[in-house]
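Take a look at the structure set out below.
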Amino acid sequence: MKALVRRQIPAVSRILDALGQCALPRPLIVELVRRKLSEIRASQDVPRFETIVARIRYSLEELRASRLQPVVNGTGIVIHTNFGRAPLATAAGRALAELSSGYSNLEFQLATGERGGRGGYVQTGLALLCKAEAATVVNNCAAALVLIANHFTTRNIRHRTSNLEHRSEIVISRGELVQIGGGFRIAEILQASGEHASGPDTAMILKVHRSNFSMSGFVESVSSNDISALAKKKRIPFVEDLGSGAVIATESLGIAEHEPTPVEALKAGADLVCFSGDKLFGGPQAGVIAGKERFIRALKREPLFRAFRCDKLCLAALQATVDLHLNQKIGEIPALELLQLSEEALRARAVAICSRLEDLPLKIAIGRGCAKAGGGTLSKAKVPSVTIDIAPDNSSLAEFAATLRASNPPVVGYIADDRFKLDLRTIFPQQDDFVIGAIRAACTK
């Protein structure tokens, strides 16, 4: 029976001939074909040749679609974690292009011709923005928190000279044991650094801004000023994880909700703050740490710092973003620009788009949307927006949405109120023609 099954399974070369041209490296195609044929061999149920080819073609398309590629974001979520969070500024993209294809002075002092430190310019700019004694940067905010927790807990284990220095506990408010992206909780990140939830001595006090959610009712968060006073009394470092990376007043973006800034936290008495570079800061994925110079110096001496350090591309994009903040060119930072767009401008674009799609077999209208900052920031803020609402005549909403996701570039929206919706607040004006073309193509399939 097994020999009969093996004879029925087509050869790899025959499958490859039937597939024809495919926009993937040939080794990937061959490997996928072999894997699918092995699955058929194991099941001992051999489909028709055409069915095998169709299934493999579908799997190849899934693999091709998983490649990193641009996406038109019509969801209304500005800092969309699944879409790479904050889109980079043009200046950051230019810096990446200039530095990625050649050599750079990453760790080289041009003045002396000797080896130098990494990220000096960026660190100086970040310290100035935060009004801190010093600053440094690692590859994300979770890494920043692990580095800080590891330093303050293990340093006391390494230097046990008195009971005061034998500290391995981090105190954090139970109401702030928040969950971050990927299902990880703050407590789990701290435990990954060697810290445990119980112990007689406290190495540091941690305050975490509740940026992923809001709490209402009979709840209250201890103020940074009060925590700082306690920390100073006990001679314990006080660290505040701000998360969102807002370095300007969010009210200036036309948003009523306020996100605490590094300047405010440090002024209130925090010894160190950490925040994300790819949220409201508008840069690449990074974790910024700012505060007391002696603590920053100590963190940079930690072995973990080398494991968490940023590469040249991250530093290049972050450097350009820092310059935009310092030069107060906030309008050139896409995430902040999108949040500030007026409803009038969005509606004018919506009218133009709808007028170019009136001849298609669909019902199309201009709707009102409610965009969000996203990315674990401004959890209560609702940003008024404008949507393109579509009801196709010849397909279901799910089929229509899937067809748009298969376009080039993929166009992603959402289904609500028996309509497929595209929120224009997160679609750049230069992408309007792509959107129109994708909708036209979807209606002709």
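Computed values, structure above
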| item | result |
| --- | --- |
| Protection-proxy order for peptides 261-274, 338-351, each taking the mean of Cβ atoms within 10 Å per residue, highest first | 261-274, 338-351 |
| Probe 1.4 Å, accessible area per residue of the chain, Å² | 52 Å² |
| Summed side-chain charge close to Pro25 - residues other than Pro25 whose Cβ falls under 14 Å, Lys, Arg +1, Asp, Glu -1 | +2 |
| Cut-off 11 Å between beta-carbons: net charge of the residues surrounding Phe108, Lys and Arg +1, Asp and Glu -1 | 0 |
| For Ala416, distant residues with modelled amide H under 5 Å away | Lys421 |
| Unsatisfied cross-links (Cα-Cα over 26 Å) in the set Lys382/Lys445; Lys363/Lys445; Lys279/Lys300; Lys131/Lys233; Lys267/Lys312 | Lys382/Lys445; Lys267/Lys312 |
| Around Leu266: net Lys/Arg minus Asp/Glu count, Cβ-Cβ under 10 Å | -1 |
| Cross-link partners of Lys329 among aspartates and glutamates (Cα-Cα below 14 Å; sequence separation of 8 or more within a chain) | Glu337 |
| Per residue, the convex hull volume that the Cα atoms of region 289-375 enclose (Å³) | 191 Å³ |
| Over the chain: helical MRE at 222 nm, DSSP H runs n ≥ 4 each giving -39500 (n - 2.57), nearest 500 | -12500 deg cm²/dmol |
| Highest-first arrangement of 279-288, 19-28, 327-336, 95-104, where packing means the average Cβ count within 10 Å | 279-288, 327-336, 95-104, 19-28 |
| Per-pair calculated FRET efficiency, R0 = 35 Å: Ala398 and Val12 via Cβ, rounded to 0.05 | 0.50 |
| Rg/Rh for the chain, where both radii come from Cα atoms and Rh is the Kirkwood radius | 1.05 |
| Of all DSSP beta bridges in the chain, antiparallel share, percent nearest 5 | 65 percent |
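The values are calculated or read from the model by the stated rules, or taken from the named source; none is laboratory data. Not measured: the values here are computed from a predicted model. We place every Cβ from the backbone using ideal geometry, glycine too, and count neighbours over all the protein chains shown. With ligands, DNA and RNA removed, areas are computed over all heavy atoms of the protein, side chains included. Shrake-Rupley method; radii C 1.70, N 1.55, O 1.52, S 1.80 Å.
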